[in-house]
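What follows is a short report on a single structure.
The values are calculated or read from the model by the stated rules, or taken from the named source; none is laboratory data. Since this is a predicted model, take the numbers as computed values, not measurements. So basically every Cβ, Gly included, is an ideal-geometry build from the backbone, and we count neighbours across all protein chains shown.
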Amino acid sequence: MSLTNLLIKKFIPNHENKNDSIVREKFGVLSGIVGIICNVVISIGKFFVGILTSSIAVSADAFNNLSDAVSSIITLICFKTSGNPADKDHPFGHGRIEYISGLIVSVAIIFTGVEFTKSSIEKIFDPEPVSFGFIPILILSLSLFAKLWLGLFSKKIGTIINSAAMKATAFDSILDCVITVTILVGMLITYCTGVSIDAYTGIVVALFIIFTGISMIRETINPLLGQPPDEETIKTINEIVLSCPDIFGIHELVVHNYGPGRSVVSFHAEMPANKNIMELHEEVEEIEKKLKDKFGYPAIIHMDPVMTDDKRVVDMKEKLSKIIKLVHKNAQIYDLRIIPGKQPTLIFHVSVPYDIYQKDSEIKSAVELSVKALDSKYKCIIEINRSYFDSQPMDK
């Protein structure tokens, strides 16, 4: 059994139930404590090496590891806080604290990188001799293996609980390994050639630190601003919903993210208009239960009645579906109604992906012209909706 699995088994009872908020909090606490211990020990070792060798690159890396320890402390605090239950002021819980804390840590890391970039540039014009020995190499090598293990540990935790903060920590640890290897190579070059490149290595390390901070900002700010779920989640939702024989298709799917493991999914489900409403309601509740069991968060389903026994509506929808496929291969039509009269009116919605370049008005005009070419007697009232999925149609 690996050390990671041993720690999980020992300190996280019921660790298989990863969707449980209490279990998830314990994973975060374990990761935070392990990160604090490892990064503090590594930082102390590298500070010692930095003093021993007068290396600005090693000193920068030591401060980088110290910031990682601070990051682990903030992660620990945020996991404890984000696990607080919902209250009157925060009805969807406190999960987004994890993203906010990650953003704060990212800014601090960038600031550290900028400061060491300035120090390294100053040392280019005012160099100091850098010593080289067995003890510094040994300490740096041990820190390299420790950071590599910590990166793999954080990656596994992040995968288990699907935490962007943990995955960012894992990425940061692997990047630290690259930094340490760079420093060791720089020391070896200095030893073999007698030419000190420590200040230049320090700049490389500082730029790595800045790059890490920017990458972490990207990981944390996207869910704060609001981003779509991954394609696998959309595909799974689609499969579960369409497993119901009375649901023909879904649209206007939205997954509201209120923090890791705290989301609400909502969508419209097309169902037969001529079937008993109570029976359909039972089926919808069953689908909501399946989604809750699968993802751990609630689903809100709006039933859209579809006229399956009106041949005129069915035929027109088939014709319109072919027309809108010319706009985009995954465009969909739904909520079609035909209002009779001297000039019959077609009322329907068209769903297109966000990345389509046409404006809504241009799409409407193109569809209206195609309908006129199909049958000039129809008037169209079209509503365009943007969808963040475009990899597969969400109907049977």
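Among the listed residues I189, I221, identify the single one that is assigned by TED's automatic domain parsing to the domain that holds F145 and in contact with a helix residue (DSSP H, G or I) (Cβ under 8 Å, 6 or more places away or on another chain).
Numbers: I189 fails: in contact with a helix residue (DSSP H, G or I) (Cβ under 8 Å, 6 or more places away or on another chain).
Going through I189, I221 in turn, the sole match is I221.
Being closer than 30 Å to F295 by Cα, in contact (Cβ under 8 Å) with a residue 40 or more places away in the chain, touching a helix residue (DSSP H, G or I) at 6+ places or on another chain (Cβ under 8 Å) and aliphatic (A, V, I, L, M) narrows it down to one of L152, L140, L184, L144, so name that one.
L152
Here are some conditions: (1) under 27 Å from I347 (Cβ atoms); (2) assigned to a helix (DSSP H, G or I); (3) among the hydroxyl-bearing types (S, T, Y). T236 meets all but one. Which one does it not meet?
Failed condition: (1).
Looking for something modelled with pLDDT of 80 or more and within 26 Å of S131 (Cα to Cα) - is there at least one such residue anywhere in segment 64-84?
Yes: segment 64-84 contains one or more residues that are modelled with pLDDT of 80 or more and within 26 Å of S131 (Cα to Cα).
Here are some conditions: (1) out of contact with any Pro (no Cβ under 8 Å at 6 or more places or on another chain); (2) in contact (Cβ under 8 Å) with a residue 60 or more places away in the chain; (3) not hydroxyl-bearing (S, T, Y). E286 meets all but one. Which one does it not meet?
If we test E286 against (1) out of contact with any Pro (no Cβ under 8 Å at 6 or more places or on another chain); (2) in contact (Cβ under 8 Å) with a residue 60 or more places away in the chain; (3) not hydroxyl-bearing (S, T, Y), just (2) comes out false.
In this structure, does D355 turn out to be assigned to a helix (DSSP H, G or I), out of contact with any Pro (no Cβ under 8 Å at 6 or more places or on another chain) and in the same structural domain as N274 (by TED's automatic domain parsing)? Don't jump to the end; show me each part of the working.
Working: assigned to a helix (DSSP H, G or I): no; out of contact with any Pro (no Cβ under 8 Å at 6 or more places or on another chain): yes; in the same structural domain as N274 (by TED's automatic domain parsing): yes.
In short, no.
Would you pick out the residues in segment 205-225 that are of a type in the set (S, T, N, Q) and in contact (Cβ under 8 Å) with a residue 40 or more places away in the chain?
T212, S215, T220, listed by residue number.
Anything in segment 124-143 that is surrounded by fewer than 19 Cβ atoms within 10 Å (Cβ to Cβ) and either of a type in the set (S, T, N, Q) or assigned to a helix (DSSP H, G or I) (or both)? List them, or say none.
Within segment 124-143, the first condition is being surrounded by fewer than 19 Cβ atoms within 10 Å (Cβ to Cβ), and the residues that meet it are 124-129, 131-135, 137-139, 141-142.
Passing the criteria: I124, F125, S131, F134, I135, I137, L138, I139, S141, L142.
With V265, V205 as the choices, which residue is of a type in the set (A, V, I, L, M) and either under 18 Å from S163 (Cβ atoms) or in the same structural domain as K292 (by TED's automatic domain parsing) (or both)? Before you say what the answer is, go through the steps one by one.
Numbers: V205 fails: either under 18 Å from S163 (Cβ atoms) or in the same structural domain as K292 (by TED's automatic domain parsing) (or both).
Unique residue meeting the criteria: V265.
Mind checking which pairs have a first residue in segment 337-349 that is closer than 21 Å to K325 by Cβ and of a type in the set (A, V, I, L, M, F, W, C) and a second that is assigned to a loop (DSSP other than H, G, I, E, B) and at pLDDT 85 or above, Cβ under 8 Å, 6 or more apart or different chains?
Hits for this filter: I338/P344; L346/Y378.
Could you tell me which of the residues F63, F79, F92 is in contact (Cβ under 8 Å) with a residue 12 or more places away in the chain, within 30 Å of T190 (Cα to Cα), in the same structural domain as I174 (by TED's automatic domain parsing) and not charged (D, E, K, R)?
F63
When segment 155-181 is examined, which residues are found to be buried (at least 16 other Cβ atoms within 10 Å of the Cβ) and either over 23 Å from I110 (Cα atoms) or polar (S, T, N, Q) (or both)?
Answer for segment 155-181, where residues must be buried (at least 16 other Cβ atoms within 10 Å of the Cβ) and either over 23 Å from I110 (Cα atoms) or polar (S, T, N, Q) (or both): K156, I157, I160, I161, S163, T169, S173, T180.
Which number in (1) under 30 Å from H256 (Cβ atoms); (2) hydrophobic (A, V, I, L, M, F, W, C); (3) in a helix (DSSP H, G or I) marks the one condition that F92 misses?
(3)
Are any residues in segment 26-47 crowded, with 19+ Cβ neighbours inside 10 Å and under 15 Å from K156 (Cα atoms), and if so, which ones?
So the first thing to find is which residues in segment 26-47 are crowded, with 19+ Cβ neighbours inside 10 Å, and the list is 26-28, 30-32, 34-35, 38-39, 42-43, 45-46.
Once the filter is applied, which keeps residues that are crowded, with 19+ Cβ neighbours inside 10 Å and under 15 Å from K156 (Cα atoms), segment 26-47 yields K26, F27, G28, L30, S31, G32, V34, G35.
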